[in-house]
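Undergrad: Structure incoming, see below.
Any read-out appearing in this document is the output of simple, stated calculations on the displayed coordinates, not a laboratory observation. Computed from a predicted model, the values in this text were never measured in an experiment. Methodologically, a virtual Cβ is constructed for each residue, glycine included, from the backbone with ideal geometry; neighbour enumeration extends over all protein chains shown.
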Amino acid sequence: MARVYNWQLGREMSYWYAGNRPKRQWAAVFDINKCIACQTCTLACKTTWTSGRGQEYMFWNNVETKPYGFYPMAWDVRLLDMLQAQQWNNGHYDGQTIFEAAPAGERVLGFRPEERDYSYPNVGEDDVYGNVDKGAYFTPPHAAWMFYLARICNHCTYPACLASCPRGSIYKRPEDGIVLIDQNRCQGYQECVRACPYKKTFFNPSTGTSEKCIACYPKIEQGLQPQCFENCIGKIRVQGWINTPEQAQEDNPIDYLVHIRKLALPLYPQYGLEPNVYYIPPIHTPNEFLIQLFGPRAPEAAREYLKAREDRKLSGLLSLLGCTTKTISYFAVKGDKAIAYDDQRQPTVEVPITEPTFIRPDFDSVREVIRQNTP
Ligand code: SF4
Ligand code: SF4
Ligand code: SF4
């Protein structure tokens, strides 16, 4: 095994192939606090990419309610159980990754779900953890909680699917870091299904090959957002390019949220894949759970998010989420406006940070009627 540097763990780790970062890496940020579980993203992906035979059970994008929702069933808790308790120490991961914990003769610690594990795509929806005591909602984090976790492939820097494929059918595009399965090479061994800790590769029994989220690369290549981003009702998503921490750029929205403000965090960084979808953690969830999902910085990120409205630059950037169909490569906040720019630094959209408010007079003198203002 080669030694590669994983900045999310703050250390080198073992990986099947030598480190080879792409020219630039596609990445995304999801603001969990804004997701309403409408599943529009799920359907936008399904109707675009997975409406064929053998794809009936596939959800390249899914949204599950945590802590009791899973697709496939128990995908994360089963692996956490296999990996056992591990330790972080001052932002440095002292535990084992799923590559380092692989049993002898295997490349990755993992499991292949049973067919029945895919039978309930929306299991646990809206189930709340804890008792609902009177007044318990007012001080976050609080005892009764749940949140919606939208998930797609993370187009990982060190993909477990790629590492595990005995045919070498999975590749990471050098131009944008998007991870794809070559349908002509794949023989359907399903090692990727076993290895991906996020369970984001799916076997198609009709074609005998495995398939996965392609990050809507035909749209990315045209500077457009993927289907599940463009159609997101809650405007929780932004997609663009991420640099390594030492090359972070202040005007790059992903770098700003991930590296500079450290507000958006990877999902299960301890697995060691350096996933490239980042989450602004929910503000009302107990710290233990947040740390398990998003690493040791999660409670601080949730606290920072609560103060976002006092911060012009941050609230400006957050206002841009979901406001354009184009990729936001750069952004700026000028006065009361947040402006998005494309790859050529051309402005694509600008939004007001403070929404204008209009107060209608109670008495309409033109029609001579009294109107009620409903808050
Ligand atoms: S999330 Fe899974 S399928 Fe996607 S790149 Fe990472 S290991 Fe591969
Ligand atoms: S990025 Fe595209 S392919 Fe991937 S889950 Fe979203 S809609 Fe589906
Ligand atoms: S469309 Fe957006 S708000 Fe709706 S479930 Fe998907 S991620 Fe959440």
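Undergrad: Kindly identify the range 197-244 as rounded, prolate or oblate by the Cα gyration tensor criterion: order the square roots of the eigenvalues as a ≥ b ≥ c, call it rounded if a/c is under 1.5, otherwise compare a/b with b/c, prolate if a/b is larger, else oblate.
TA: Numbers: a/c = 1.89, a/b = 1.83, b/c = 1.03.
It is prolate, given that a/c is not under 1.5 and a/b is the larger ratio.
Undergrad: Taking other Cβ within 10 Å of each residue's Cβ, how do His92, His259, His284, His155 sort, fewest first? Working shown, then result.
TA: Numbers: His92 11, His259 20, His284 17, His155 27.
Placing the least packed residue first, the sequence is His92, His284, His259, His155.
Undergrad: Could you list Lys337, Lys326 in order of exposure, starting from the residue whose Cβ has the fewest other Cβ atoms within 10 Å?
TA: Going from least to most buried by this count: Lys337, Lys326.
Undergrad: Still on this structure, I have one more. If you take all C-alpha pairs in the range 80-136, what percent of them are over 14 Å apart?
TA: Numbers: 1174 of 1596 pairs.
Of all Cα-Cα distances in the range 80-136, 74 percent exceed 14 Å.
Undergrad: Continuing with the same structure: When a/c is below 1.5 the answer is rounded, else prolate if a/b is larger than b/c, else oblate, so apply that to the range 31-163 with a ≥ b ≥ c taken from the square roots of the Cα gyration tensor eigenvalues.
TA: Working: a/c = 1.90, a/b = 1.10, b/c = 1.72.
Oblate shape, in that a/c is at least 1.5 and b/c is the bigger or equal ratio.
Undergrad: Also, quick follow-up: 5 Å is the cut-off here: which amide hydrogens, built 1.01 Å from N in the peptide plane, fall below it relative to Thr209, excluding neighbours closer than 5 in sequence?
TA: Residues meeting the criterion, in which the H sits 1.01 Å from N, are Asn204.
Undergrad: Among DSSP bridges having both ends in the chain, what percentage is antiparallel? Round to the nearest 5.
TA: Numbers: 41 of 45 bridges.
Restricted to the chain, the bridges split so that about 90 percent are antiparallel.
Undergrad: Moving on to the next point. Between the range 83-128 and the range 217-258, what is the C-alpha centre distance in whole Å?
TA: Distance between centres, Cα-based: 26 Å.
Undergrad: With a ≥ b ≥ c taken as the square roots of the eigenvalues of the C-alpha gyration tensor of the range 285-375, please select rounded if a/c is under 1.5 and otherwise prolate if a/b is larger than b/c or oblate if it is not?
TA: On the way: a/c = 3.21, a/b = 1.50, b/c = 2.14.
Taking the square roots of the gyration eigenvalues as a ≥ b ≥ c, the range 285-375 is oblate.
Undergrad: Over all directions, average the projected area of the Cα convex hull of the chain and note it in nm². Before the final figure, lay out the partial values.
TA: On the way: hull surface 89.2 nm².
Dividing the Cα hull surface by four gives the mean projection, 22.3 nm².
Undergrad: For a quick check: with amide H placed at 1.01 Å from N, whose amide H comes under 5 Å from Trp88's, ignoring anything fewer than 5 positions away on the same chain?
TA: Residues meeting the amide H criterion: Asp94.
Undergrad: Read phi for every residue in the range 273-280 and hand back ³J(HN,Hα) as whole Hz from Karplus 6.51 cos²θ - 1.76 cosθ + 1.60, θ = phi - 60°, with x for Gly and Pro.
TA: 8, 6, x, 10, 10, 10, 10, 7
Undergrad: Provide the per-residue ³J(HN,Hα) series for the range 334-345, in order, calculated from phi with Karplus coefficients 6.51, -1.76, 1.60 and θ = phi - 60°, each as a whole number of Hz, with x at glycine and proline positions.
TA: Each residue's phi maps through the Karplus curve to give 10, x, 9, 10, 9, 10, 9, 10, 8, 4, 8, 6 Hz.
Undergrad: Another question, if that's okay. For Cys156, which sequence-distant residues (separation of 5 or more, or a different chain) have an amide H within less than 5 Å of its own amide H, given hydrogens modelled in the peptide plane?
TA: Asn276
Undergrad: For a bin width of 10 Å, list the pair-distance distribution of the range 244-311 built from all Cα-Cα distances, rounded to whole %.
TA: Calculated over all Cα pairs of the range 244-311, the distribution is 22, 52, 25, 2 percent.
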